[in-house]
Every structure is written in C-alpha cells, then in structure tokens.
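The values are calculated or read from the model by the stated rules, or taken from the named source; none is laboratory data. Keep in mind the model is a prediction, meaning the values are calculated, not measured. Note that we place each Cβ from the backbone using ideal geometry, even for glycine, and neighbour counts take in every protein chain shown. Surface areas here come from the heavy atoms of the whole protein model, side chains and all, with no ligands, DNA or RNA. Shrake-Rupley method; radii C 1.70, N 1.55, O 1.52, S 1.80 Å.
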Amino acid sequence: MCLHLQKINLLPRTMEFRTKVELPKIQDTIQHSDSLMLWGSCFTENIGKRLIDNKFSCDLNPFGILYNPMSIALAIRQILEDKEYTENDLTARNDEWFSYMHHSSFSAHDKETCLQRINGRLKEARKHLEEADWIIFTWGTSWVYQLTTTRTIVGNCHKMPDKMFIRSRVEAETIYTEYQSLIVEIRKLNPKVRFLFTVSPIRHAKDGMHGNQLSKSTLLLSIDKICKEITGCHYFPSYEIMMDELRDYRFYADDMLHPSSLAINYIWECFSETFFPDATQAIIKEWEKIERGLSHRPFNVQSDAHQRFLREILLKIELLKEKLPYLDVENEIKICQAQLKKSPQY
C-alpha cells in the first residue's frame, strides 16, 4: 500500500494573543531637568514614587490624594489665589481637626498643627506651580461630593455620615469648561507649563461595573476634548493598558480592583517609552545600578572589598552629579560616606 504524504505549508508564527494598546507619539518629552507636579488618585502616588525614586524633581499631591477632576481644580485654584487656611476652614470631630479639601495625613489633634501643615504645604505648592515644566493629572472618577449645607465640593469626606453630602456625577462638558479656564489661569502664572492627563486604571466597584464604565467614559471624553482643543495637553492611556493589555486577573492585586506591582511596572515601562528620550532612559538605567549597589547588605561592612565597593559607588554618584547638577543625590552621598567612616582605614 502506497501512502501519499501531503505537504503542509506552515504559516509563520505572527499571531499576537493579546490586544496591544498603541502608545501615543509625543514630541514633548520629560527629562531629569524638568520640574514635575502630580495631582490625583492613588495611582498618581504609584507613578509619582517611581519618578521620585528615579531622581526626577516632583511635587506630589499637595493636598493628598484627590480622586475627581473638580476637587483637583478647586485645590489648584486655592494655590493660585494664595489662599491661607484659618480655623473657619477646619472641622473638628473626636478631638481631631481636619479640612474637607485635604487628606487625613494633614489632620491633627490641635488646630494650630493642622493649619501649619496645610498652609506650609500651600506655600511649597505655589512655588512648584510657578516652576513646573509638567503638571500630570490622574483622574479616578467623575463622581463628586458636595457638602449639603454649602454645596461646596470636597476632596475628602473623612468618613462623615452620608447625609452630610450630595453625590453626583459631573458631565464631560462641565469638566472641559472648568479645565479650559483653569489652564488659562495656570499659564498666566507659568506660561511654559505642559499638561499630561491620564485616567486611573483602578476600578471603582462601589458604583457597580456599569457605573464605573460610565464614570471613566466621562473622564475620557473630557480629556479627549481638552487635548484636541488646548495646545500643550497630552494623554497617556493608563486605563486602556490595564483594561486591554493586562485584562487577566493575574495583573490585579488581591482585591481584584487595584493593579498588581507587576501591572504597575508594565504601565511604568509604557510611560517611560512614551515620554522619556533615550538620554533620560540611559540615566534611569545608570541610577538603577547605583541604587542596587546601595541596597546591597554585606556580611562585613568593614571588609576591604566592601569599602572598595562603596568608594566605587560614591565615585559614580559624584560623576553623575557633576554631569547633572540638578539631581538631588545628597542623601545617597551621605549614606556612602557614613558607611565608609565605619572602616578603620577611612
């Protein structure tokens, strides 16, 4: 019996088993010489920490975490107006003084301490707003809370009873109108500043999954209009990367709502690819090597080998500082010098 073997033409393996988000092509880049100001949700804290760890100059959330664009806009307007908080702006509960515009980290058992924290931070933020090359917004939700008594938008409800607040979703057109005028006001103070908008990939489950999508869609529509109609405004697709590229639950934390550390790392890589030129990425890699060296824990701190290792790291830091004088590496230099002093040969 004769077997006729049919030749099978194998196609090259070109299939991609995930939906890749196309990253924006942006000419405006972020460099270590730039001053950055970040506002928004807890995802802002994640990206802000990465920037700070990689030696970018950042002012991160001067009011603490704020989730919606209207609370952020109100906070920035208070900085622009040189507002100074007084006792009338605070509320007392259970021997704790707090501001409805601020995170609980500003709260204190006495009003003087609370006011010092708030007003000191406002002065710092004013200086950073004047000097910022980039303002980065991460919006988490389009739902806002207003005090029932005054209809004033708040930044933090501080776990006060629900009856004290009116909760509503802001329309995309309202957000656009607010930021159109806000950007004009910011540019009167700082004409060079550029703006970067992103939507937090963290889902707000308390609104239900449909409600979360409506809220995020509102943010996306308003940002799209801002970036189309106002120059110097850019968008980075954090939300889309999480929803489309990292849709598997292995990329979520235990609560199945927040991105895992792996997901945050990936979004950071996408962010770096989009906004950092080659020279900036080279500095980041150089600093990562130095940081790994600093975190090394030897068996014998006083050994000759470790002391040579420390002197090499110190030299690398000093050379980097000489090349980029705006880098804040004083703390790392002190760490090296302190460990070197432990050696009898120092």
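Residues of the stretch 20-47 being open to solvent by 40 Å² or more (accessible area, probe 1.4 Å) and under 14 Å from residue 201 (Cα atoms), which ones?
Once the filter is applied, which keeps residues that are open to solvent by 40 Å² or more (accessible area, probe 1.4 Å) and under 14 Å from residue 201 (Cα atoms), the stretch 20-47 yields 45, 46.
Going through the stretch 160-175 one residue at a time, which ones are in a strand (DSSP E or B) and out of contact with any Ser or Thr (no Cβ under 8 Å at 6 or more places or on another chain)?
Passing the criteria: 167, 168.
Any residue in the stretch 82-100 that is surrounded by fewer than 18 Cβ atoms within 10 Å (Cβ to Cβ), in contact with a helix residue (DSSP H, G or I) (Cβ under 6 Å, 6 or more places away or on another chain) and more than 23 Å from residue 28 (Cβ to Cβ)?
The answer is yes, given that some residue of the stretch 82-100 is surrounded by fewer than 18 Cβ atoms within 10 Å (Cβ to Cβ), in contact with a helix residue (DSSP H, G or I) (Cβ under 6 Å, 6 or more places away or on another chain) and more than 23 Å from residue 28 (Cβ to Cβ).
Kindly indicate whether any position in the stretch 108-126 is open to solvent by 10 Å² or more (accessible area, probe 1.4 Å) and within 17 Å of the chain's Cα centre (by Cα).
There is no residue in the stretch 108-126 that is open to solvent by 10 Å² or more (accessible area, probe 1.4 Å) and within 17 Å of the chain's Cα centre (by Cα).
Sort out which residues of the stretch 235-253 are open to solvent by less than 70 Å² (accessible area, probe 1.4 Å), more than 18 Å from the chain's Cα centre (by Cα) and among the aromatic types (Phe, Trp, Tyr), and write them in order of number.
Those that are open to solvent by less than 70 Å² (accessible area, probe 1.4 Å), more than 18 Å from the chain's Cα centre (by Cα) and among the aromatic types (Phe, Trp, Tyr): 251, 252.
When only residues in the stretch 57-81 that are of a type in the set (A, V, I, L, M, F, W, C) and open to solvent by less than 10 Å² (accessible area, probe 1.4 Å) count, which is nearest to the chain's Cα centre (by Cα)?
66
Quickly run through the stretch 96-143 and pick out the residues that are of a type in the set (Val, Ile, Thr) and touching a residue at least 24 places away in the same chain (Cβ under 8 Å).
Of everything in the stretch 96-143, those that are of a type in the set (Val, Ile, Thr) and touching a residue at least 24 places away in the same chain (Cβ under 8 Å) turn out to be 118, 135, 136, 138, 141.
Exactly one condition in (1) surrounded by fewer than 16 Cβ atoms within 10 Å (Cβ to Cβ); (2) touching a residue at least 40 places away in the same chain (Cβ under 8 Å) is not met by residue 167; state its number.
Going through (1) surrounded by fewer than 16 Cβ atoms within 10 Å (Cβ to Cβ); (2) touching a residue at least 40 places away in the same chain (Cβ under 8 Å) one by one, residue 167 breaks only (2).
With the requirement that a residue be modelled with pLDDT of 95 or more and open to solvent by 60 Å² or more (accessible area, probe 1.4 Å), what does the stretch 188-209 give you?
188, 191, 192
Report the residue count in the stretch 259-287 for those that are among the acidic types (Asp, Glu) and in contact (Cβ under 8 Å) with a residue 24 or more places away in the chain.
2
Of the conditions (1) in contact (Cβ under 8 Å) with a residue 24 or more places away in the chain; (2) at positive phi; (3) open to solvent by 30 Å² or more (accessible area, probe 1.4 Å), residue 256 clears all except one; give me its number.
That leaves (1) as the condition not met.
Of the residues in the stretch 170-187, how many are touching a residue at least 60 places away in the same chain (Cβ under 8 Å), farther than 30 Å from residue 263 by Cα and either hydrophobic (A, V, I, L, M, F, W, C) or open to solvent by less than 40 Å² (accessible area, probe 1.4 Å) (or both)?
The qualifying residues number 2.
When you scan the stretch 217-234, how many residues do you find that are surrounded by 15 or more Cβ atoms within 10 Å (Cβ to Cβ) and free of Cβ contacts under 8 Å to residues at least 60 places away in the same chain?
7
Does the stretch 283-297 contain at least one residue that is surrounded by fewer than 17 Cβ atoms within 10 Å (Cβ to Cβ), farther than 20 Å from residue 237 by Cβ and of a type in the set (Ser, Thr, Tyr)?
Yes.
Is there a residue being in a helix (DSSP H, G or I) and at pLDDT below 95 anywhere in the stretch 252-260?
no
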